[in-house]
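Visitor: Sharing a structure below in C-alpha cells format, with a few things to ask.
The values are calculated or read from the model by the stated rules, or taken from the named source; none is laboratory data. Predicted, not measured: the structure shown is a model, and the values here were computed from it. Glycine gets a Cβ as well: all are built from the backbone with ideal geometry, and neighbour counts include every protein chain shown.
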Amino acid sequence: MRLLLAFVSIVLLSGCTTSQGLYHWGNYEQAAYAYAKNPGEVDEYIESLDKIIVSGEEKNRVPPGLYAEYAYALMIVGRTDDAMLSFGKERDKWPESRRLMDLMIDGPTERDQETVDRANINDTVTDKGGAVADTELVEEAEASGTQESSIEEGSE
C-alpha cells in the first residue's frame, strides 16, 4: 500500500513541473506592452528584443517572427544595415518567411509592383449606392455639382 501511495505521489508531483516551452520569449510580453503604450521609447524596446534574441540564440530557441520584429524596430530608428541582417536571420531560420523577408530586404520586384498596380486599377471607389466609380470622375462631379450623372458615366 505504501509503495502504491509513493508511486501515485511521484506521478502527481511530476505533473507539477513546468516545461520551458519550445521558444525563449523572455520578457517579450512586458516589452511589447510597454512599447505599445509608449511608442516613443523604441530604443528601450530594441534593447529588450536584443536581450531576448541573445538569450534565445544561446539556447537555439529564438521564436518565429522575433528577428523580423527586431529588424522593423531597427528600421524605425534608422539602423537599416542592422535591420537587413536581422531580416536575413529571420529568413534563414524560418524558411516559410522567405518571400516576405526577401521583400523587406530587396524591396518589391517588378512582379510585386504589377500585383499592386492591378489591385489599384483605376483607383476605384464605391459610391453610396454601391456602384464603382473612377476617383477622378467623382472628384469632377463633386466640383461641378453633378455627382450622380458623372458616376453613372464612369461605371459604364
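Visitor: Which pairs turn up if I take residues in the range 99-114 that are in the same structural domain as residue 74 (by TED's automatic domain parsing) and look for partners that are part of a helix (DSSP H, G or I) and among the charged types (D, E, K, R) with beta carbon separation below 7 Å, at least 6 apart in sequence or on another chain?
Guide: 101/90; 101/91; 102/91; 103/112
Visitor: OK, next. Go through (1) surrounded by 14 or more Cβ atoms within 10 Å (Cβ to Cβ); (2) at pLDDT below 95; (3) of a type in the set (Gly, Ala, Ser) and name the single condition residue 119 misses.
Guide: All conditions are met except number (1).
Visitor: List, please: which pairs have Cβ atoms under 9 Å, are six or more places apart or on different chains, and start with a residue in the range 72-85 that is not assigned by TED's automatic domain parsing to the domain that holds residue 104 and end with one that is loosely packed, with under 15 Cβ neighbours inside 10 Å?
Guide: Here the result reads none, with nothing in the range 72-85 linked to a residue that is loosely packed, with under 15 Cβ neighbours inside 10 Å.
Visitor: Check residue 60 against each of (1) in a helix (DSSP H, G or I); (2) closer than 18 Å to residue 21 by Cα and name the one condition it does not meet.
Guide: With (1) in a helix (DSSP H, G or I); (2) closer than 18 Å to residue 21 by Cα applied to residue 60, the lone miss is (1).
Visitor: Keeping to the range 3-34, report how many residues are modelled with pLDDT of 65 or more and either over 16 Å from residue 56 (Cβ atoms) or part of a helix (DSSP H, G or I) (or both). Outline the logic, then answer.
Guide: Step one: of the range 3-34, the residues modelled with pLDDT of 65 or more are 20-34.
In the following step, the residues that additionally are either over 16 Å from residue 56 (Cβ atoms) or part of a helix (DSSP H, G or I) (or both) were identified as 28-34.
So the answer is 7.
Visitor: Among 59, 128, 37, which is the only one that is at negative phi, loosely packed, with under 11 Cβ neighbours inside 10 Å and modelled with pLDDT under 65? Spell out the reasoning first.
Guide: Numbers: 59 fails: modelled with pLDDT under 65; 37 fails: modelled with pLDDT under 65.
Among 59, 128, 37, only 128 is at negative phi, loosely packed, with under 11 Cβ neighbours inside 10 Å and modelled with pLDDT under 65.
Visitor: Could you give me the residue pairs with C-beta distances under 7 Å whose first residue belongs to the range 45-57 and is without any contact (Cβ under 8 Å) to a residue 40 or more places away in the chain, whose second residue is assigned to a helix (DSSP H, G or I) and among the charged types (D, E, K, R) wherever it lies, and which are 6+ apart or on separate chains?
Guide: Going by the 7 Å Cβ cut-off, the qualifying pairs are 49/69.
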